[in-house]
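Read the structure below first, then the notes.
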Amino acid sequence: MICQECHQRPATLHFTKIINGKKTEVMICEKCAQEKGEMAMVAGGHGFSINNLLAGLLNIESNIQQTKANAFPKTEEKRCPHCHRSYKEFVHLGKFGCAECYKTFNDQLNPILKRVHSGNIAHIGKIPKRIGGTIYLRKQISDLKEVLKIHINQEEFEKAAEVRDKVRSLEKRYEAQEGGDEL
Amino acid sequence: MSLEKFVENALSSWMSAEGPEIDIVLSSRIRLARNFKDFTFPTSFSNEEAKEIIELVKKRIEEEVTPEIGKLELLEIDQIQPLEKRVLVEKHLISPHLVDESAKGACLLSENEEISIMINEEDHLRIQCLMSGLQLKETLKLANVLDDWIEESIDYAYDEERGYLTSCPTNVGTGLRASVMMHLPGLVLTQQMNQIIPAINQLGLVVRGIYGEGSQALGNIFQISNQITLGKSERDIVEDLTSVVQQIIAQERSARDALVKTSHIQLEDRVYRSYGILSNARVIETKEATTCISDVRLGIDLGYIKNISKSILNELMILTQSGFLQKYAGGPLRSHERDIRRAALIRERLNFTETSSS
């Protein structure tokens, strides 16, 4: 058997790699194994990457939740409706399958994000210019609606009417922009 | 497609512009991770989706390119020879991951190789900009121009609360990874690196040697980057990193000064020995070459060696890696053949710079 890497030296190392359930037979010589970093695996260690670490972190999360009196017994089986990735698969790979996963696994997300991003769970950076326009408006509208509620509760009807008018005009602008996007 | 020019030269043309703090900071890099709305992420998408994404990007470059960006070349990875892929990886233009997922991947490169946009890597887009020296702010500005240009016609996966959605939760929010490549022989020689690395880690930044493992960085080259992408604005990320880098620069300078003061002749000896090895060796392994190149570069910075350009470090570091050597040889080489080839190439390069500058 000749080494599958250099096609020169005899293959002295034979082993089977299983990555993400995919099985690969590897037959290489010692020199190539060293160069490719396969020796770590041969020596019984693991190729170590951020994903291993991350998967470890995520796993802890699900372990804790499970021991917590099985409050969420079905978390592991929960599947994303868009890409069909299960929470278990997400934990195993350390990767989401699609943008929708963020909504699907939202309940599990905060502790994970806190751990990875030093306690942060919300974005405060850039907003995309084009699609961000409506996000900004929507945020303004929801903020104003809160203000409106407070005014009504405190029976400040004049102020409430003012705010209501503002909300209406913003909503009109919002609808116009949304409609424009779809065209 | 003109792949040739990207794999012919080890030195990307942005490298020859000498950026600020070039004696210590080799390069600044900004990477933005972006995904397209309504598409599955590359970890689980179909070949059709992959093609559609490449088509969308293709359409965008055909549509319009702003003068700030210039011309971008689209390369489809599965149409590139293995050796040439390796060369692109060694130049840091594409990642090993993109090569592994060749069938679905592509990249956009600018003429001077300052811009490289990977398509269908871990995320649909990885916008990457590289500049010489310490220029994180400028690099971020360029990356933002590219980002806005793409966003004009393509909807990104973006969430009000979480920001830009990425395949890996470690990138969500800004999707921004800012990093600088630093040459720190002074701190290594004075054995300060072991104290500095944990201190930097505590600030939410990551340090790693780019060649070799752990703190034993081959060639004394370290990459420092931000870890946190969520809950911090792009500007803060870049400013924080810049200020830490500036402190490291100051420490490296004082370490170099101290070395010159206390052991000037030993240092000069070390530099010239390494120079001697590089200009005379007939067989040289990567490890030895990398160490010697670092010494020679330090010698240039300290003024011991005058007739060689600073960019020699960047160039030789890339040129002496196995992909490049084999590309120059025109085919695969065995490891001892590579060592011979490497020695010859280094001699040739040093000789060339000496004669051309004198």
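Computed over the stretch B:280-358, relative contact order equals 44 percent, with contacts defined as Cα pairs under 8 Å that lie 6+ residues apart.
With a Förster radius of 25 Å applied to the C-beta separation of residue B:192 and residue B:137, the computed FRET efficiency comes to 0.35. Seen against the Cα atoms of chain B and their longest principal axis, helix B:136-151 is set at about 20 degrees. Take the Cα of residue B:337, step 7 Å toward its Cβ, do the same at residue B:58, and the gap between the two points is 3.7 nm. Just to confirm the number: angle between the C-alpha axis of helix B:193-202 and the first principal axis of chain B, 0 to 90 degrees, nearest 10? Compared with the principal axis, the helix lies near 20 degrees. A straight line joining the Cα centroids of the stretch B:55-130 and the stretch B:34-48 runs 17 Å. Each part reduced to its alpha carbon centroid, the stretch B:304-350 and the stretch B:160-227 end up 27 Å apart.
In chain B, the longest principal axis of the Cα atoms and the axis of helix B:47-63 are about 80 degrees apart.
Close amide H pairs (under 5 Å, H built 1.01 Å from N) link residue A:5 with A:29, residues at least 5 positions away or on another chain.
Got the relative contact order for the stretch B:1-96 handy, in percent, Cα pairs under 8 Å and 6 or more residues apart? Show your work: numbers first, answer last.
On the way: 24 pairs, mean separation 39.7, N = 96.
Computed over the stretch B:1-96, the figure is 41 percent.
Our summary gives chain B a relative contact order of 19 percent, counting only alpha carbon pairs under 8 angstrom and 6 or more residues apart. Computed from label points 7 Å out along Cα-Cβ, the spacing between residue B:258 and residue A:130 is 5.4 nm.
Computed from backbone phi, the HN-Hα couplings of the stretch B:175-192 come to x, 9, 10, 9, 8, 10, 9, 10, 9, 10, x, x, 5, 6, 4, 8, 6, 9 Hz, rounded to whole numbers (Karplus: 6.51 cos²θ - 1.76 cosθ + 1.60, θ = phi - 60°; Gly and Pro given as x).
What does the highest-first list of B:273-280, B:121-128, A:137-144 look like by mean Cβ count within 10 Å? Before the final figure, lay out each step's value.
Working: B:273-280: 16.8, B:121-128: 25.5, A:137-144: 14.4.
Highest to lowest by the protection proxy: B:121-128, B:273-280, A:137-144.
Within the shell of other residues whose beta carbon sits under 9 angstrom from the beta carbon of residue B:137, the net charge comes to 0, with Lys and Arg scored +1 and Asp and Glu -1.
If the only charges are +1 at each Lys and Arg Cβ and -1 at each Asp and Glu Cβ, what is the size of the charge dipole of the stretch B:1-93 around the Cα centre, to the nearest 20 debye?
Taking the Cα centre of the stretch B:1-93 as origin, the dipole is about 200 debye.
No lab work stands behind these numbers, since they all come straight from the coordinates. Everything numeric here is computed off the predicted structure, so don't read it as measured data. Glycine gets a Cβ as well: all are built from the backbone with ideal geometry, and neighbour counts include every protein chain shown.
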